[in-house]
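Heads up, the thing below is written out as structure tokens.
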Amino acid sequence: MRRVQCSKCKKVVVEKVPWADGKNHFTFFYIKYLADWTKEMAWKTVAKGSRRLLWVGKDRTKKTLRRFFSDMWNLDRKFRKNIKVFCTDMWRAYLGLVPINLSL
């Protein structure tokens, strides 16, 4: 997007366009593409033994992360033992649940 100077107030602003929002460098279409791609990479489509995104939860809650461990347990009882790396944000609730469910 172009930066332009308003002829009335003389402020420099970012030109508004229908396919992007403010200072976000990604277009709406690219964001939608990434969201759809993430769904495709969900745990149901991942080949065993590969290093990929396994699961995406809807809400940022303890219940959501517990659902991940439950889904993986139901899929493969030994699944937890094979996890070598677990990436998440630094939310305290998540950090508390990971060591309980994994032995990293």
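Can you say whether Met72 is touching a Phe, Trp or Tyr at 6+ places or on another chain (Cβ under 8 Å) and either surrounded by 10 or more Cβ atoms within 10 Å (Cβ to Cβ) or under 25 Å from Ala35 (Cβ atoms) (or both), as far as the supplied structure shows? Taking the combined requirement at face value, the residue satisfies it. Only residues that are assigned to a helix (DSSP H, G or I) and touching a helix residue (DSSP H, G or I) at 6+ places or on another chain (Cβ under 8 Å) were counted in the range 70-95, giving 8.
Contact map, the range 75-99: first residue farther than 21 Å from Thr61 by Cβ, second residue not in a loop (DSSP other than H, G, I, E, B), Cβ cut-off under 7 Å, separation 6 or more or different chains; pairs are Phe79/Met72; Phe79/Trp73. Every condition in (1) surrounded by 11 or more Cβ atoms within 10 Å (Cβ to Cβ); (2) modelled with pLDDT of 80 or more holds for Thr38 except the one numbered (2).
The values are calculated or read from the model by the stated rules, or taken from the named source; none is laboratory data. What you are looking at is a predicted structure, and each value in this text was computed from that prediction instead of being measured. All Cβ positions, even for glycine, are placed from backbone atoms using ideal geometry, and neighbour counts span all protein chains on display.
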